[in-house]
Amino acid sequence: MNAGLWRHMDYNCIKMPRPQYLGAKYALLPWIIPLAEFNGGVALDGFGGSQSVAFEMKKAGCTVYTCDFLSFCHQSGLALVENSGEILSSDDLHVLFSDNPGRGDVMLKFKDVFFAEEECVVLDNFRANVDKITQPHKRALALAVMCRALTRKTIMGHFAHMQAMAYANNPARVRRNPSIARPVRDLFFEIAPEYNAAIFDNSRDNKSYRANILDLLPQLAGEVDVAYYDPPYCGSHADYQAFYHLLETFVENWRDKTFINGNFRYHPPRPSGFDKIVEVERSFRDLFALSDEISRWLVSYNDLGAVNRGAC
Ligand SMILES: C[S@@+](CC[C@H](N)C(=O)[O-])C[C@H]1O[C@@H](n2cnc3c(N)ncnc32)[C@H](O)[C@@H]1O
């Protein structure tokens with residue numbers, strides 16, 4: 001049997017852990033992947049998010065470049081796409097959840113907004129302990145699993161609201177979604193094996209970038225065969241930093257930011273170019289001009305997105 005085909009069949013058994021991320025294409029993969037025909041070559045996921053599509057590109061045997069302008073998405077890219085073999089051992093889990101007297105207090109600011117005080121302390125300990133892990137892919141895997149545990153623990157799976165504590169203390173809500181009342185450590189321990197099982201080597205030099213795609217594309221000139229673009233749908237829940245600010249603050253371990261509103265969203269946000277009506281048309285023009293040398297593009301956009309509504 002052809003070695004490439006054997007490898008491809010082998011990867012098909014590997015499952016990406018189900019993400020909970022706005023606009024994630026995980027559920028649409030059976031529809032997207034045949035359209036995209038990712039068969040080897042160099043594939044770019046320009047707006048990687050949960051990495052659902054980049055992970056499939058990796059399974060298809062491509063050299064994958066995945067990009068997102070948010071750090072926590074980039075860490076998932078390092079963990080699930082760039083990583084070819086680092087997994088979390090029980091020793092690692094012990095280190096990550098041990099008490100760290102030098103811990104910071106970045107997560108403590110979210111006390112009584114998203115988590116009870118003791119959970120904030122667990123998270124600050126964990127964040128300090130992550131920095132003891134020097135291998136970058138293992139470190140990224142620890143952060144990626146914790147970010148997933150945090151979206152399971154938080155009602156609606158995002159942080160653009162102030163209902164987390166009210167729901168976690170409401171027995172009827174907890175009966176419907178027990179995860180919101182479970183210790184984050186338990187959720188982490190439950191999720192970590194699924195992530196470990198998703199780590200594989202497709203024998204390619206895959207890369208995860210934390211970058212604005214418009215800055216990255218010139219650096220990749222001439223290298224990419226096929227690009228998948230799934231930008232925020234401007235005018236329809238496009239502000240990813242409003243929804244996931246807590247995960248970005250956690251991963252960045254930000255102390256020197258201004259935090260605003262009742263939910264302590266960081267400020268100023270990173271510029272996207274794809275989330276504001278006044279910028280989105282220019283950004284698409286730049287994206288397509290910079291992709292001139294890429295022979296195949298696949299773009300996801302919804303009917304409510306500003307470009308499709310003729311708002312620009
Ligand atoms: C619709 S989501 C992508 C979802 C992804 N395809 C998945 O399956 O999870 C859009 C992503 O674009 C990212 N983003 C927004 N502006 C960006 C930019 N200028 N460059 C790179 N990423 C950007 C957001 O952080 C978000 O993760």
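Just so it is clear, none of the values below were taken in a lab; they were calculated from the coordinates. These numbers were taken from a predicted model, which means no experiment stands behind them. For neighbour counting, all protein chains shown are included, and Cβ atoms are generated from backbone atoms with ideal geometry for every residue, glycine included.
Descriptive notes on the structure:
- Boolean, ALA227 is over 19 Å from HIS161 (Cα atoms), buried (at least 20 other Cβ atoms within 10 Å of the Cβ) and not hydroxyl-bearing (Ser, Thr, Tyr): yes
- Any hit, region 33-43, residues being in a helix (DSSP H, G or I), more than 9 Å from the ligand (Cβ to nearest atom), β-branched (Val, Ile, Thr) and over 26 Å from ILE133 (Cα atoms): yes
- The listed residue being in contact with a strand residue (DSSP E or B) (Cβ under 8 Å, 6 or more places away or on another chain) and in a helix (DSSP H, G or I), out of ALA27, ALA54, ALA79: ALA54
- Evaluation of ALA192 against (1) buried (at least 18 other Cβ atoms within 10 Å of the Cβ); (2) of a type in the set (A, V, I, L, M, F, W, C); (3) outside any strand (DSSP E or B); (4) within 16 Å of the ligand (Cβ to nearest atom) (one fails), failing number: (4)
- Region 20-57: number of residues that are surrounded by 23 or more Cβ atoms within 10 Å (Cβ to Cβ), farther than 22 Å from ALA211 by Cα and among the small types (Gly, Ala, Ser): 0
- Positions within region 230-257 being surrounded by fewer than 21 Cβ atoms within 10 Å (Cβ to Cβ) and small (Gly, Ala, Ser), in sequence order: GLY235, SER236, ALA242
- Filtering region 82-120 to residues that are in contact with a strand residue (DSSP E or B) (Cβ under 9 Å, 6 or more places away or on another chain) and free of Cβ contacts under 8 Å to residues at least 60 places away in the same chain leaves GLU117, CYS120.
- A search for C-beta distances below 9 Å between a residue of region 51-75 that is without any contact (Cβ under 8 Å) to a residue 60 or more places away in the chain and more than 13 Å from ASP230 (Cβ to Cβ) and any residue that is part of a helix (DSSP H, G or I) and more than 11 Å from the ligand (Cβ to nearest atom), counting only pairs 6+ apart in sequence or on different chains, returns ALA60/HIS8; ALA60/TYR11; ALA60/ILE33; ALA60/ALA36.
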